[in-house]
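A quick write-up on the structure given underneath.
What follows draws every value from the coordinates through simple rules; no lab data is involved. Quick caveat: nothing in here was measured; it's all calculated off a predicted structure. In this analysis, Cβ positions are derived from the backbone assuming ideal geometry, glycine residues included, and neighbour counts consider all displayed protein chains.
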Amino acid sequence: MKSLTEKYIDNAKRIIVKIGSGVLTEDNGLNKKVIKSISTQINKISSESCKEIILVSSGAQACGVKKVGLKKRPSQIPERQAVSAIGQAGLILEYEKAFAKYDKNVAQVLLTSDDLSSRKRYLNARNTLNTLLSWNIIPIINENDTVVTDEIKFGDNDNLSAMIALLLDADLLVNLTDIEGVYTKDPRVHSDAELISQVKTISKNIEKNAGETPGALGTGGMLSKIKAAKKVNSAGIPMIIAMGTKKDILLDIINGKEPGTFFIPKKDRLASRKCWIAFNLKPQGKVMLDSGAEKAIIKNGKSILAIGITEVEGEFGIGAAVEFIGSEKKILGVGLVNYSSKDIRNIKRLSSSQIKERLGYKPYDEVIHRDNMAVTV
Ligand code: GLU
């Protein structure tokens, strides 16, 4: 009988593959052998099965650093952004050459998180990527490092790859890195550390052990991979972390040999628009719920009513994205409000009939309607 992970992999039609700088780098520059090997494996998978592969590739900075003859990534932002601009061209060139061997075209897609926070641009990015896939072209995505500022950054490619998995409603996210997966302890320090092959719940302990030690050329570290897994899992998408330099790693994963750590999603798939609400909008404030409201939305799929709201944080207008918070300050999800923060402060704890009395009007029964609400726990 097939294992749960095998079933997920078998059924995965659309797969996002993220390759980190640690895998793509050698001698402070690009490791072309790895690019060739990954391209060969992707070609094999996409030509022998009906699976679609989208690459999220780091390596622009590593490539740029080498090209301009630096020893490491510059610390100044303009220099770093310049290095990325130089390196991105070299990175795509290597992929173009590697895929040309199989008569396959690649497409370069550079994004910032700002591009995905506007609904229109989000849909445009999705339409473009879907068009590329329908033409049998391999999209190669990276953060648009040359223009990003802190406010509009994905931060690292672990997060970017998770956002792309959500954007494209992928069936699986594969995160190829320079370590075999998640360990019980830090394997660099403890020789008795054991690889965890399956994660059903991302516990506080797993997050703690993941640490936060980025490599010289990469950005993320294990913690950002765990955060990415949490994000996609909460939208019903599974993720694997595996050692990207292992021979035929992608083929092994696709053939169900299950190397690495597999994160099993707890939930059913979140609808695409709800993913956008949950992960692409910047929450403008918070509403705290009592236990009755928490239960009603999590267990019974209800909307959020004023009567269940105990507190409001932040200043926001109608239509803003707002986090709703349950017991122990746990973020339960994000939704679009029908009332401003000022009005919610005024009507919290009130029943539907009392709202009209208090405000003189009552355009909506719900403060956040179920249709505009993404529960992420
Ligand atoms: N966008 C960066 C690059 O291409 C990598 C960021 C990351 O690895 O998280 O160099």
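Partner aspartates and glutamates whose Cα lies under 16 Å from the Cα of K185, excluding those fewer than 8 positions away in the same chain, are identified as E194, E207, E212. Among the listed pairs K153/K282; K72/K230; K7/K33; K208/K267, a Cα-Cα separation exceeding 21 Å is found for K72/K230; K7/K33; K208/K267. For the listed peptides 341-354, 281-294, a ranking on the average number of other beta carbons within 10 Å per residue, highest first, reads 281-294, 341-354.
Can you tell me which of C63, C275, C50 moves the most in a GNM of the chain? Springs connect C-alpha atoms under 10 Å apart. Among C63, C275, C50, the largest GNM mean-square fluctuation belongs to C50.
Residue exposure proxy: M243, M163, M1, ordered by other Cβ atoms within 10 angstrom of their Cβ from fewest to most, comes out as M1, M243, M163. Once you reduce the stretch 61-87 and the stretch 281-336 to the center of their Cα atoms, the two points are 43 Å from each other. The L4 and N130 beta-carbon pair, evaluated with R₀ = 41 Å, returns a calculated FRET efficiency of approximately 0.90. Over the Cα atoms of the stretch 72-220, the radius of gyration divided by the Kirkwood radius equals 1.00; this is the Rg/Rh ratio. Under a GNM of the chain (C-alpha, springs under 10 Å), which listed residue has the highest mean-square fluctuation: T201, T146, T112? Result: T201 has the largest fluctuation of those listed. For the chain, a Gaussian network of Cα nodes joined below 10 Å ranks G319, G360, G87 by mean-square fluctuation, and the top entry is G360. Here the extension length gained between K72 and R188 equals 39.5 nm, from 0.36 nm per residue of separation less the Cα-Cα distance.
Axis angle, to the nearest 10 degrees, between helix 157-167 and the longest C-alpha principal axis of the chain: 60 degrees. Stretching D248 away from K330 to a fully extended chain increases their span by 25.5 nm, per 0.36 nm per residue minus the current alpha-carbon distance. Just so you know, the averaged projected area of the alpha carbon convex hull for the chain sits at 20.2 nm². With the helix formula -39500 (n - 2.57) applied to DSSP H stretches of n ≥ 4, the chain reaches a computed 222 nm mean residue ellipticity of -12000 deg cm²/dmol. Listed from fewest to most Cβ neighbours within 10 Å, the set D158, D171, D10 follows the order D10, D171, D158. Using only side-chain charges placed at the Cβ, +1 for Lys and Arg and -1 for Asp and Glu, the dipole size of the stretch 108-155 relative to its Cα centre rounds to 320 debye. Would you work out if the stretch 126-181 is rounded, prolate or oblate? Take a ≥ b ≥ c from the square roots of the eigenvalues of the alpha-carbon gyration tensor; rounded if a/c is under 1.5, else prolate when a/b is larger than b/c, oblate otherwise. It is oblate, given that a/c is not under 1.5 and a/b is not larger than b/c.
Mean silhouette area of the stretch 177-323, derived from the convex hull of its C-alpha atoms and averaged over all directions, reads 11.9 nm². Taking the C-alpha atoms only, the angle from helix 222-234 to the longest principal axis of the chain is near 50 degrees. The separation of the stretch 160-204 from the stretch 236-279, counted between C-alpha centres, amounts to 9 Å.
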